[in-house]
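Working notes, beginning with the structure itself.
The values are calculated or read from the model by the stated rules, or taken from the named source; none is laboratory data. As the structure is a prediction and not an experimental result, all values here were calculated from the model. Because the Cβ atoms are built from the backbone with ideal geometry, glycine has one as well, and the counts that use them run over all protein chains shown.
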Amino acid sequence: MSPLSRPLSPHLQVYRPMYTMVLSISHRASGVFQSVGMILLAYWLVAAAGGAGSYATAAKVFSNPFVKLAIVGWIVAFWFHLFAGLRHLAWDAGFGFEKQSARRSGRLVVVLAALASLFTLALAWRHLGGGA
């Protein structure tokens with residue numbers, strides 16, 4: 001058998017997406033998105049330290065709808081990554097490996113991340129001039 005005719009290792013196209021697999025991939029992706037979001041946070045902090053002119057420029061950047069959408073995504077990614085990370089810490093301690101327990105904790109991660117995200121966005125909307 002030639003090396004070109006042998007079967008390749010299975011990959012994502014072979015497997016049916018499972019809930020825990022999707023959560024694991026999402027946890028990694030949210031970590032990457034967190035890193036990108038930290039660049040925006042650093043830019044905002046540097047602009048705030050740079051004086052009124054640089055802060056006004058940053059305020060223009062942050063008023064862009066695409067940047068606002070990125071911030072919403074960053075908030076959601078923050079909460080999801082936090083709760084998924086706590087789940088992974090429980091696994092590292094040896095808890096929650098049973099199939100039913102892993103599925104239940106996965107659902108809990110999604111619900112807690114959604115609730116925390118909505119709460120954070122509601123607070124931001126209210127305190128940043130969006131609400132009454």
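Checked against the criterion of being exposed (fewer than 13 other Cβ atoms within 10 Å of the Cβ) and without any contact (Cβ under 8 Å) to a residue 60 or more places away in the chain, the candidates GLY73, GLY85, GLY50 yield just one match: GLY50. Checked against (1) part of a helix (DSSP H, G or I); (2) surrounded by fewer than 16 Cβ atoms within 10 Å (Cβ to Cβ); (3) out of contact with any Gly (no Cβ under 8 Å at 6 or more places or on another chain), TRP79 passes all but a single condition, namely (2).
Among the residues of region 82-103 satisfying the criterion of being part of a helix (DSSP H, G or I) and charged (D, E, K, R), which is modelled with the highest pLDDT?
Among those residues, the one meeting the criterion is ARG87.
Can you confirm whether GLY106 is in contact with a His (Cβ under 6 Å, 6 or more places away or on another chain) and assigned to a helix (DSSP H, G or I)? Judged against the criteria, GLY106 is not a match. Listed conditions (1) surrounded by 12 or more Cβ atoms within 10 Å (Cβ to Cβ); (2) in a helix (DSSP H, G or I) are all met by LEU123, apart from (1).
Every residue, every condition in (1) under 19 Å from ALA116 (Cα atoms); (2) among the aromatic types (Phe, Trp, Tyr); (3) modelled with pLDDT under 95, yes or no:
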residue: VAL22; (1), (2), (3): no, no, yes
residue: VAL36; (1), (2), (3): no, no, yes
residue: THR57; (1), (2), (3): no, no, no
residue: PHE66; (1), (2), (3): no, yes, yes
residue: ALA70; (1), (2), (3): yes, no, yes
